[in-house]
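The values are calculated or read from the model by the stated rules, or taken from the named source; none is laboratory data. Given the structure is predicted, the values throughout are model-derived calculations rather than measurements. Positions of Cβ are backbone-derived with ideal geometry, glycine not excepted, and every protein chain shown enters the neighbour counts. Surface areas here come from the heavy atoms of the whole protein model, side chains and all, with no ligands, DNA or RNA. Shrake-Rupley method; radii C 1.70, N 1.55, O 1.52, S 1.80 Å.
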Amino acid sequence: MHASQPLRVPVGTDAERWNTFQGEKTLVVAARTVTSTVRVLECLPALLRGDARVTVVFAHDPTSAFNDGVLELLHDAGCRVIPWEQVGHAEPDLILTASENIEVPEGHCPVLVLPHGIGFQKQVPDSRGPRDRLSGVVPDSLLESGRAWLAISHPSQEEQLLSSHPKAAGRTLLVGDPCYDELLVSAGRAGAYRRALGVPAGHRLVVLSSTWGGSSLIGRDPGLAARMLAALPYDEFRVAAIIHPNVWAGHGSWQVRTLLAPALEAGLMLVPHVHAWRSALVAADVVVGDHGSVTLYGAALGKPVLLGAFGSEAVDGTAVAALGRAAPRLHGPGDLYEQITSALAGRDRFTEVAEGAFDQPGRALTRLRTALYHLLDLPEPTHTPPPDRYLGEPEETGAAVTSWRVTTTVSADTVTVRRRPAAVSPGEDETAGRFVHLACDEREADRNTKENASALLRGAPAPAATAALQWIGDTLSRFPGCRLAATSVRGGGHLVGLRDGRIVEAAMTGPATGPGLPAAAVHALLRAAAPLADAQLTVRFGARDEDVVIRLRTPPTGGISA
């Protein structure tokens, strides 16, 4: 809609002629950034469900440096959108926003400002001038007008406001935090969310959480995700990243994905920054974060937290500042595996932090609905609390890993296997009894990696032994530098073909697995010059031990045949 066009539906002077729903009150939602718009979209449906008395329109304010993506978000949600300059013509009875940085048109209607994070916890650049300002606080002129109401999640936030902005006196509404309540309701579904993300059973999920700006986790250490994936064994961990919407809006998805390309190739789950971050955070076993709200939400949920960055813009006396004092730091150049496992073994130390951030958890939507209808000058449609809905399951986002740096050790009848994604793992030196090789899935896209692999793996199980043997022969012929080729066979079991023509059958206990682990065991036995005929051994990977029975299918000179 262009500014010159008259506003007709569903609000405006002529709207009654065209409308289907004849609302009594008009609520205008200010949509300025993705972060602030999402916060309203996530709570407003539960507040207004089933009430035809309230007509809602979304007004797009394009003035933010982080405006990219807002219109797409609104259109995807099916919202009726008007330009910001037409808000006055809409004659709103209430303006609702999670962005404090809007130019409110003249009038008398109240303005309800929701936080788009947790309280007033950091200093941010002021778009109106060269200085910084306290995030979440509207201009003094709007406070002086008596129209603004600031929703807060804890009484301490009112005390903080009065010390820095005296004109906020009497302009706060204590409602709690609807987002935190949603996270609490869904806390028991962490296992389901991990499965939906594609985290295998028995693996731990490390979530990297970054706010925006130069002092954020990704701003300070953009290579951390790749180093984390290189340090954590593939058969024990998965890694996901939650990156603030302002990073996506400010730099674009192309820049973000290009920067994180090595980590993405190594299986990094880059969580969509709209909605899905909440269920991914619930799924986390440990959070590595910074001074952003997502890290604080993780701590409040009882997750172990390590701080990989913490900006000086965090405001003293806030809950996030308390987290900065309580949470241990991640030492980037240090042993990341040891630090993560140590954090997982620790106990919750953030109870007081959560108590200082959220008042009466579980009641935020009820209190917010009461405030909303009071400002609309309407009686609440029902006294039944809004529904406590579980968060939706996230979608699997990580790319399949197709090459691994495999380290094996052989001790008596046990082979210990540790795999790391090759995209982020440089070659290692071997030591006595410790062998290192490169294994590739046939779907590996990098030619050099594939040609240098010692073990090549078929991506999908072969339909039968005959097809498996044919694939092995073709693969060894096409890649002369390959030491062995391995495939699973539909119905169970694995076949491993060696360069000298021998075929090894391997049967492994436990849940169905691809050919990578049996192939690693066979490779280790070859390097250790151990016998392959009728061998029974234990393969140890991650926290699991599985038995593997190995036998030769053909004699050494028999070639590859069925």
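Tabulated data
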read-out	value
Selection status of residue 517, among the hydrophobic types (A, V, I, L, M, F, W, C), modelled with pLDDT of 95 or more, buried (at least 19 other Cβ atoms within 10 Å of the Cβ) and within 25 Å of residue 230 (Cβ to Cβ)	yes
Scan of segment 458-483 for residues that are closer than 28 Å to residue 201 by Cβ and either touching a His at 6+ places or on another chain (Cβ under 6 Å) or open to solvent by 10 Å² or more (accessible area, probe 1.4 Å) (or both), ordered by number	458, 459, 460, 461, 463
Residues (within 17 Å of residue 423 (Cβ to Cβ) and either open to solvent by 20 Å² or more (accessible area, probe 1.4 Å) or at pLDDT below 95 (or both)) located in segment 255-273	257, 258, 259, 261, 262, 264, 265
Residue within segment 327-342 that is β-branched (Val, Ile, Thr), open to solvent by 40 Å² or more (accessible area, probe 1.4 Å) and over 30 Å from residue 93 (Cα atoms) present	yes
Filter result (crowded, with 19+ Cβ neighbours inside 10 Å and either of a type in the set (Asp, Glu) or under 30 Å from the mean Cα position of the chain (by Cα) (or both)) within segment 102-116	102, 112, 113, 114, 115, 116
Residue that is under 15 Å from residue 233 (Cα atoms) and buried (at least 20 other Cβ atoms within 10 Å of the Cβ), where the choices are 408, 416	408
Single condition residue 385 does not satisfy, out of (1) more than 25 Å from residue 118 (Cβ to Cβ); (2) open to solvent by 20 Å² or more (accessible area, probe 1.4 Å)	(1)
Residue count for segment 490-511, restricted to those that are in a loop (DSSP other than H, G, I, E, B) and either within 38 Å of the chain's Cα centre (by Cα) or within 27 Å of residue 200 (Cβ to Cβ) (or both)	7
Residue list for segment 45-55, filter: closer than 21 Å to residue 182 by Cβ and touching a helix residue (DSSP H, G or I) at 6+ places or on another chain (Cβ under 7 Å)	46, 47
Qualifying positions in segment 443-470 - of a type in the set (D, E, K, R) and within 16 Å of residue 513 (Cα to Cα)	458
Selected residue (criterion: nearest to residue 10 (Cα to Cα)) from residues of segment 49-69 that are free of Cβ contacts under 8 Å to residues at least 40 places away in the same chain and among the aliphatic types (A, V, I, L, M)	56
Which listed residue is open to solvent by less than 20 Å² (accessible area, probe 1.4 Å) and either without any contact (Cβ under 8 Å) to a residue 40 or more places away in the chain or part of a loop (DSSP other than H, G, I, E, B) (or both), from 321, 280, 357	357
Residue under evaluation residue 219, criteria (1) part of a helix (DSSP H, G or I); (2) in contact with a Leu (Cβ under 9 Å, 6 or more places away or on another chain), criterion not met	(2)
Filtered residues of segment 244-261 (kept if outside any helix (DSSP H, G or I) and closer than 22 Å to residue 36 by Cβ)	244
Residue selected from segment 533-549 under the condition at pLDDT below 90 and of a type in the set (A, V, I, L, M, F, W, C), by the criterion nearest to the chain's Cα centre (by Cα)	543
Filtered residues of segment 369-381 (kept if touching a residue at least 40 places away in the same chain (Cβ under 8 Å) and either touching a Ser or Thr at 6+ places or on another chain (Cβ under 7 Å) or open to solvent by 30 Å² or more (accessible area, probe 1.4 Å) (or both))	377, 381
Members of segment 293-318 found to be among the polar types (S, T, N, Q), touching a helix residue (DSSP H, G or I) at 6+ places or on another chain (Cβ under 8 Å) and either in a loop (DSSP other than H, G, I, E, B) or farther than 12 Å from residue 119 by Cβ (or both), listed by number	295, 318
Unique residue being open to solvent by 10 Å² or more (accessible area, probe 1.4 Å), at pLDDT 95 or above and farther than 30 Å from residue 416 by Cα when the list is 252, 289	252
Complete set of residues in segment 191-210 that are over 13 Å from the mean Cα position of the chain (by Cα), in a helix (DSSP H, G or I) and within 26 Å of residue 230 (Cβ to Cβ)	195
Pairs where the first residue, in segment 205-218, is over 15 Å from residue 245 (Cα atoms) and the second is open to solvent by 20 Å² or more (accessible area, probe 1.4 Å) and of a type in the set (Lys, Arg), C-beta under 9 Å, 6+ apart	205/194; 205/238; 206/238; 207/303
Which numbered condition residue 41 fails, given (1) within 27 Å of the chain's Cα centre (by Cα); (2) surrounded by fewer than 17 Cβ atoms within 10 Å (Cβ to Cβ)	(2)
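Table: residues versus (1) open to solvent by 20 Å² or more (accessible area, probe 1.4 Å); (2) under 20 Å from residue 62 (Cβ atoms).
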{"residue": "79", "(1), (2)": "yes, yes"}
{"residue": "118", "(1), (2)": "no, no"}
{"residue": "139", "(1), (2)": "yes, yes"}
{"residue": "143", "(1), (2)": "no, no"}
{"residue": "146", "(1), (2)": "yes, no"}
{"residue": "164", "(1), (2)": "yes, no"}
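Conditions tested, residue by residue: (1) in contact with a strand residue (DSSP E or B) (Cβ under 6 Å, 6 or more places away or on another chain); (2) open to solvent by less than 60 Å² (accessible area, probe 1.4 Å); (3) part of a loop (DSSP other than H, G, I, E, B).
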site: 151; (1), (2), (3): yes, yes, no
site: 167; (1), (2), (3): no, no, no
site: 170; (1), (2), (3): no, yes, yes
site: 184; (1), (2), (3): no, no, no
site: 189; (1), (2), (3): no, no, no
site: 212; (1), (2), (3): no, yes, yes
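To keep it simple, each residue is scored yes or no on (1) touching a Cys at 6+ places or on another chain (Cβ under 7 Å); (2) in contact (Cβ under 8 Å) with a residue 40 or more places away in the chain; (3) aliphatic (A, V, I, L, M).
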{"site": "306", "(1), (2), (3)": "no, no, yes"}
{"site": "325", "(1), (2), (3)": "no, no, no"}
{"site": "367", "(1), (2), (3)": "no, yes, no"}
{"site": "391", "(1), (2), (3)": "no, yes, yes"}
{"site": "395", "(1), (2), (3)": "no, yes, no"}
